[in-house]
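Student: Mind having a look at this structure? Questions to follow.
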Amino acid sequence: MKVLLGTEFGWPGNEIAEALQKAKGVDLDVCQRELIDKNDVDLRNYDIVLIYGPHRGSTAGLQRRLLQVQAGEKRPRLIWWLNENLPPVDRPMLNMAVGMFRGAMDRLAPPVPRALGAPRKQDIMLHRYRLLHEVKSADKAKIIDCLAVTSGKRASDLKEIGIDSIVVPMGYGPSKSLGEPLNLKRDIDVLFLGKTQGKRAASRARKVAFLENELAKKEVRLSVVSHGLNGNERTERLNRTKLLLNLVRSKDDWTGHRLLLGAANGAMNVSEPMADHKPFIDGQHIAFAPLEDLPDLILHYLANETERAKVASQAYDLVTGELSMENALAKVFRSVGVALEF
């Protein structure tokens, strides 16, 4: 079975590729997603095209290629693992109109693929609206054979606008690029990883400032890393962390990447409420509290090491077991009638 992975950069593309390379009977090619319509990639040579995200850029070029092949000969089946957040669906007509406008911007000035140059601010402007429009367009054209989303809330939102999907949280890959336990001394009480600068992060910055101030009253320091922490350095920092803080930009966001990072490295995740947090269970794999109650929640788990270690251990078992990349890919491929064996 010939599979083409339309990848972006780093996670989760590397982990998806590594897992698929371990799958029996899979002949895998990997290509930058945005370059598929620019390179001599004959889609007719593939049984399945798998894409994820996109975290930036557009799927419009790939959709055009698939429609061209569909109009002529047999096209490959398309699996789209949509692990990016979408705008709320309470205003579907307006959101779709904004998405169409965003698509028109791309046609006037196409996004620059990351492999060919530095990303522009335009590449992420109104990105969620662009994705919503592109998902609807691909569904209408009947070129998506499986749309997998990473949260049940996102699946129900898409169902409201007539789009069917399956729920498959993004997996923890065999490369362990998200990290692994190193048995280091945990000397960092609370850590937040995420942008706190710029207009898009303004609400998050206010939350961080509130928590820093409240925790400082109890002589607890909130460490904040806004950029530049990856690879071994990030793994080492997380292995020194007791509690990894999760803050959302929108109440509908599913921040699975950050939760995977905490659990994979043995740090306990604490978070403000999310609309959907499955398969992470409150009190078992993670702990939730409204923003104003987060300081007390944090102080509770810092004072109860045994309880904190138990929750962190159960979360680690979850992401390395049920949420392994192999299990996730097996479910995705099973939806198009393919049984993957590793």
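Student: To the nearest Å, what is the center-to-center distance of the stretch 247-308 and the stretch 40-88, using C-alpha atoms only?
Tutor: 34
Student: Can you give the relative contact order of the chain as a percent, counting alpha carbon pairs under 8 Å and 6+ residues apart?
Tutor: After rounding, I find 16 percent.
Student: Now a separate question. Given the chain, what percent of its DSSP beta bridges are antiparallel, to the nearest 5?
Tutor: 0
Student: Next question, about the same structure. Write down the accessible area per residue of the stretch 1-76 in Å², having rolled a 1.4 Å probe over the full set of protein chains. Show your work: numbers first, answer last.
Tutor: Details: 3250 Å² over 76 residues.
On a per-residue basis, the stretch 1-76 sits at 43 Å².
Student: Provide the packing ranking of 228-237, 138-147, i.e. peptides ordered by the mean count of other C-beta atoms within 10 Å per residue, highest first.
Tutor: For the peptides 228-237, 138-147, the packing ranking is 138-147, 228-237.
Student: So, for the stretch 217-342, what is the accessible surface per residue at a probe of 1.4 Å, expressed in square angstrom? Mind dumping the intermediate values first?
Tutor: Numbers: 5580 Å² over 126 residues.
Normalised by residue count, the accessible surface of the stretch 217-342 is 44 Å².
Student: Also, I was wondering about something else. From the list (i) 5, 24, 33, 24, 11, 2, 0; (ii) 6, 26, 37, 25, 6, 0; (iii) 5, 25, 34, 22, 7, 3, 2, 1, 0, can you say which value of P(r) over Cα pairs in 10 Å bins from 0, in percent was derived from the structure given?
Tutor: Evaluating P(r) over Cα pairs in 10 Å bins from 0, in percent on these atoms matches (i).
Student: Oh, and also: Quick check: residue separation of ASP282 and HIS257 times 0.36 nm, minus the Cα distance between them. What number comes out in nm?
Tutor: Here the answer is 7.3 nm.
Student: If I take R0 = 35 Å and measure r between the Cβ atoms of THR306 and ALA339 in this structure, what FRET efficiency does the formula 1/(1 + (r/R0)^6) give, to the nearest 0.05?
Tutor: Values: r = 42 Å, r/R0 = 1.20.
With a Förster radius of 35 Å, E is 0.25.
Student: Quick one: helix 60-72 against the long Cα principal axis of the chain, what's the angle to the nearest 10°, folded into 0 to 90?
Tutor: Here the helix axis deviates by roughly 30 degrees.
Student: Which value, in Å² and to the nearest 10, is the accessible area of HIS300 when all protein chains are kept and the probe is 1.4 Å?
Tutor: 80
Student: Here's a follow-up. To the nearest 10 square angstrom, how much accessible area does ARG44 have with a 1.4 angstrom probe?
Tutor: Only protein atoms counted, so the area is about 120 Å².
Student: To continue, here is another question. Just by accessible area at a 1.4 angstrom probe, what is the order of MET100, MET93, MET1 from largest to smallest? Mind showing how you got there, number by number?
Tutor: On the way: MET100 105, MET93 160, MET1 65 Å².
Largest accessible area first, the list is MET93, MET100, MET1.
Student: Also, quick follow-up: For LEU4, LEU67, what's the largest-to-smallest order of accessible area, 1.4 Å probe? Provide the component values of the computation, followed by the final result.
Tutor: On the way: LEU4 5, LEU67 75 Å².
The most accessible residue leads, giving LEU67, LEU4.
Student: Further question: How far is helix 92-108 tilted, in degrees, relative to the longest principal axis of the Cα atoms in the chain, given as a value from 0 to 90 rounded to the nearest 10?
Tutor: Computed tilt is about 70 degrees.
Student: Here's something else I'd like to know. Once the whole set of protein chains is in place, how much accessible area is left on SER324, using a 1.4 Å probe, in Å² to the nearest 10?
Tutor: Surface accessible to solvent at SER324 totals approximately 20 Å².
Student: Nearest 0.05, what FRET efficiency do ILE161 and LEU182 give at R0 = 35 Å with Cβ-Cβ as r? Don't skip to the answer; put the middle values down first.
Tutor: On the way: r = 45 Å, r/R0 = 1.27.
Efficiency, from the Cβ-Cβ distance: 0.20.
Student: Here's something else I'd like to know. Say the dipole of the chain comes from +1 at the beta carbon of Lys and Arg and -1 at that of Asp and Glu; which of THR306, PRO88, THR150 then lies farthest toward its positive end?
Tutor: PRO88
Student: With r defined as the distance between the Cβ atoms of ARG91 and GLU212 and R0 fixed at 45 Å, what FRET efficiency is calculated, to the nearest 0.05? Mind showing how you got there, number by number?
Tutor: Details: r = 34 Å, r/R0 = 0.76.
With R0 = 45 Å, the Cβ-Cβ based efficiency is 0.85.
Student: Another question, if that's okay. I'd like the distance between the alpha-carbon centres of the stretch 124-156 and the stretch 157-195, rounded to an integer number of Å.
Tutor: 20
Student: I'd like the carbon and sulfur percentage of the solvent accessible area for the chain, probe radius 1.4 Å, heavy atoms only, ligands and nucleic acids excluded. Before the final figure, lay out each step's value.
Tutor: On the way: 7870 of 15690 Å².
On the chain, the fraction of accessible area on carbon and sulfur atoms equals 50 percent.
Student: Okay, next question. What angle do you read, to the nearest 10 degrees and between 0 and 90, between the alpha-carbon axis of helix 202-216 and the longest principal axis of the chain?
Tutor: The two axes meet at around 20 degrees.
Student: Hey, if we sort ILE51, ILE166 by accessible area with the 1.4 Å probe, largest down, what's the order?
Tutor: Values: ILE51 0, ILE166 50 Å².
My answer, sorted largest first, is ILE166, ILE51.
The values are calculated or read from the model by the stated rules, or taken from the named source; none is laboratory data. All figures in this text were calculated on a predicted structure; none of them were measured in a lab. Using ideal geometry, Cβ is built from the backbone for each residue, glycine included, and neighbour counts are taken over all protein chains shown. Just so you know, the surface numbers come from the protein's heavy atoms only, side chains and all, with ligands and any DNA or RNA stripped out. Shrake-Rupley method; radii C 1.70, N 1.55, O 1.52, S 1.80 Å.
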